[in-house]
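See structure below.
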Amino acid sequence: MNLHGVKAIYLFEMARTWRTLMQSIASPVISTSLYFVVFGSAIGSRMVEIDGISYGAFIIPGLIMLMLLNESISNASFGIYMPKFTGTIYEVLSAPISPLEIVAGYVGAAASKSIILGLLILATSRLFVDFSIAHPFAMIGFLALTAVTFSLFGFIIGVWADGFEKLQIIPMMIVTPLTFLGGTFYSVNMLPPVWQTVTLFNPVVYLVSGFRWSFYGVADVHLAVSLGMTLVFMLVCVGLITWIFKTGYRLRT
């Protein structure tokens with residue numbers, strides 16, 4: 001394992017974050033804080049509890065997950081797309097570093113940024129809503145697992161994209177709508193039976209449900225199912241990345 005190569009890529013990507021603090025850190029925290037102000041304080045104060053939890057506290061896991069998915073995908077896709085765009089990807093591919101080490105560097109940096117943001121938003125939410133975390137270690141574990149999984153997904157998008165506009169298509173047109181429809185602002189049990197069944201085809205439901213369980217011990221879907229679905233998606237992403245490096249898909253052409 002070439003740890004020096006992994007470290008070089010990781011530190012380079014993390015340095016880009018510190019150079020663009022307003023865009024990378026401040027903007028997601030401020031935008032998520034606005035959700036807490038509008039939905040948590042303004043609207044939440046007029047709504048009844050859900051599963052014995054105040055509405056403002058109920059939406060915290062969903063909002064963190066909304067940010068986590070988008071930022072993980074964005075950071076990882078942009079990180080690998082820029083070397084392709086500038087042509088420096090060939091220097092990375094010709095360096096004495098394996099595909100596993102390349103992915104570890106880029107995905108590790110993207111996941112680290114997302115985890116830091118998630119913790120910052122969690123701390124910021126304390127300013128607006130009072131809440132507790134029933135299973136803190138499970139929360140950290142699920143946060144890290146989701147960040148790594150969707151950073152892998154973002155890496156795939158960055159390789160696939162052949163223009164800046166394509167970097168935003170899947171996050172904006174697919175991931176964000178699925179997150180809003182995945183129980184971020186409501187419990188799946190509040191829906192009519194037919195729509196409850198339809199909602200279970202939304203993969204984001206399992207992420208939000210599992211993450212909410214770590215906070216309050218309640219979930220729309222069994223924890224084992226949520227964890228299993230996340231791991232399956234991670235394995236699919238790993239398989240696709242393996243195929244990308246074996247074939248050189250949009251890396252060597």
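The values are calculated or read from the model by the stated rules, or taken from the named source; none is laboratory data. Note that the coordinates shown come from a computational prediction; the quantities given were computed from them, not determined experimentally. Ideal geometry is used to build each Cβ from the backbone, glycine not excepted, and the neighbour counts take in all protein chains shown.
Checking each residue in region 234-253 for being assigned to a helix (DSSP H, G or I) and either small (Gly, Ala, Ser) or touching a strand residue (DSSP E or B) at 6+ places or on another chain (Cβ under 7 Å) (or both) picks out only Gly239.
Going residue by residue through region 158-170, is there one that turns out to be in contact with a Cys (Cβ under 9 Å, 6 or more places away or on another chain), surrounded by 20 or more Cβ atoms within 10 Å (Cβ to Cβ) and more than 23 Å from Tyr35 (Cα to Cα)? No, region 158-170 contains no residue that is in contact with a Cys (Cβ under 9 Å, 6 or more places away or on another chain), surrounded by 20 or more Cβ atoms within 10 Å (Cβ to Cβ) and more than 23 Å from Tyr35 (Cα to Cα). Pairing each residue of region 119-135 that is in contact (Cβ under 8 Å) with a residue 24 or more places away in the chain and within 16 Å of Ser54 (Cα to Cα) with any residue that is in a loop (DSSP other than H, G, I, E, B) and not hydroxyl-bearing (Ser, Thr, Tyr), provided the two are 6+ apart or on different chains, yields C-beta distances under 8 Å for Ser125/Phe131; Ala134/Gly217.
In region 116-127 there is no residue that is assigned to a helix (DSSP H, G or I), farther than 18 Å from Ile25 by Cα and of a type outside the set (Lys, Arg).
Filtering Tyr206, Tyr186 for residues that are of a type in the set (Ser, Thr, Tyr), at pLDDT 90 or above and farther than 26 Å from Glu13 by Cα leaves a single hit, Tyr206. None of Ile80, Ile97, Ile73 is of a type in the set (Val, Ile, Thr) and either touching a strand residue (DSSP E or B) at 6+ places or on another chain (Cβ under 9 Å) or not in a helix (DSSP H, G or I) (or both) except Ile97.
Within region 121-147, being over 18 Å from the mean Cα position of the chain (by Cα), surrounded by 15 or more Cβ atoms within 10 Å (Cβ to Cβ) and at pLDDT 90 or above holds for Ile133, His135. The sole residue among Val92, Val103 that is assigned to a helix (DSSP H, G or I) and farther than 14 Å from Val148 by Cβ is Val92. Evaluating Met190 against the criteria (1) more than 24 Å from Ile133 (Cβ to Cβ); (2) exposed (fewer than 14 other Cβ atoms within 10 Å of the Cβ) leaves one unmet condition, (1). The single residue among Phe12, Phe39 that is closer than 28 Å to Phe137 by Cα and part of a helix (DSSP H, G or I) turns out to be Phe39. Looking at region 218-228, can you tell me whether even one residue there is under 19 Å from Thr179 (Cα atoms) and touching a Leu at 6+ places or on another chain (Cβ under 6 Å)? Taking every residue of region 218-228 in turn, none turns out to be under 19 Å from Thr179 (Cα atoms) and touching a Leu at 6+ places or on another chain (Cβ under 6 Å). Annotation: Ser114 fulfils all but one of (1) within 21 Å of Asp220 (Cα to Cα); (2) buried (at least 22 other Cβ atoms within 10 Å of the Cβ); the unmet one is (1). Restricting attention to region 171-187 and to residues that are under 29 Å from Ala224 (Cβ atoms) and without any contact (Cβ under 8 Å) to a residue 24 or more places away in the chain, the residue that is surrounded by the most Cβ atoms within 10 Å (Cβ to Cβ) turns out to be Leu181.
Within the set Trp160, Trp213, the sole residue that is farther than 15 Å from Asn70 by Cβ, more than 18 Å from the chain's Cα centre (by Cα) and of a type in the set (Phe, Trp, Tyr) turns out to be Trp160.
For first residues located in region 200-227 and without any contact (Cβ under 8 Å) to a residue 60 or more places away in the chain and of a type in the set (D, E, K, R), partners that are surrounded by fewer than 23 Cβ atoms within 10 Å (Cβ to Cβ) and not in a helix (DSSP H, G or I) and lie 6+ apart or on another chain with Cβ distances below 7 Å form the pairs Asp220/Ser187.
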